[in-house]
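Okay, structure first, notes after.
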Amino acid sequence: MTPPHAKTWSQRGRTPVVRVRGRSRRRISIAALTCYKPGHRSRLIYRPRRDDDRRDGRKSFSWRDYRDLLSAAHQQLGGPILLVWDNLNVHKASGLREFAEARDWLTIYYPPPYAPDLNPVEGIWSLLRRGWLSNVAFSTPEHLDQRIRRGLRHIQYRSHLIDGCLNETGLTIRPA
């Protein structure tokens, strides 16, 4: 809930101050897939997950959450998925690996260990942070959740933004 910083305008000598309460243990995690297919509109599929606020509860996505996201993406896209995934430890979990091996429609590739410049989803996070989340003091977790969903929905319906995130990586999509 700590707001990202961005530049803003104010009168000379009057720096705008946004007061926020101390750091919160609550968090919202988001998993997103940018989907590209030659001759088709680019797509963004995402799932937010709020911390359940229990000390023993999971704060981020489990491999089962990613499995469910991939199954939903397969249903929405209606075809095989070639997934380029970063090296997050949950992405390499044994349960998820077994799930992928059992599905002929899913192929997973991993880029070099730390290569955010090859990941189009990093561009999505940048658009979200610099746009809908900048210079906002979130009063409640629901307020943060609402802004995140609004920003992602805005990006989701503008395929040129999703295409721009791919172009920034320098990667290209070619028909097989």
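The values are calculated or read from the model by the stated rules, or taken from the named source; none is laboratory data. Quick caveat, the model's predicted, so the values are computed rather than measured. Note that each Cβ is placed from the backbone with ideal geometry, even for glycine, and that neighbours are counted across all protein chains shown. Just the protein is used for accessible areas: all its heavy atoms, side chains included, with ligands, DNA and RNA removed. Shrake-Rupley method; radii C 1.70, N 1.55, O 1.52, S 1.80 Å.
For the reader, a short list of remarks on this structure follows.
- Among the residues listed as GLY79, GLY95, GLY57, GLY39, the single one being open to solvent by less than 50 Å² (accessible area, probe 1.4 Å), at pLDDT 80 or above, farther than 25 Å from PRO113 by Cβ and not charged (D, E, K, R): GLY79
- ARG25 being within 25 Å of LEU127 (Cα to Cα), open to solvent by 50 Å² or more (accessible area, probe 1.4 Å), part of a loop (DSSP other than H, G, I, E, B) and at pLDDT 90 or above: no
- Looking only at the range 101-151, and only at residues there that are open to solvent by 30 Å² or more (accessible area, probe 1.4 Å) and β-branched (Val, Ile, Thr), the one that is nearest to VAL90 (Cα to Cα): ILE108
- Scan the range 108-159 for residues that are under 14 Å from the mean Cα position of the chain (by Cα), among the aliphatic types (A, V, I, L, M) and assigned to a helix (DSSP H, G or I) and the total you get is 7.
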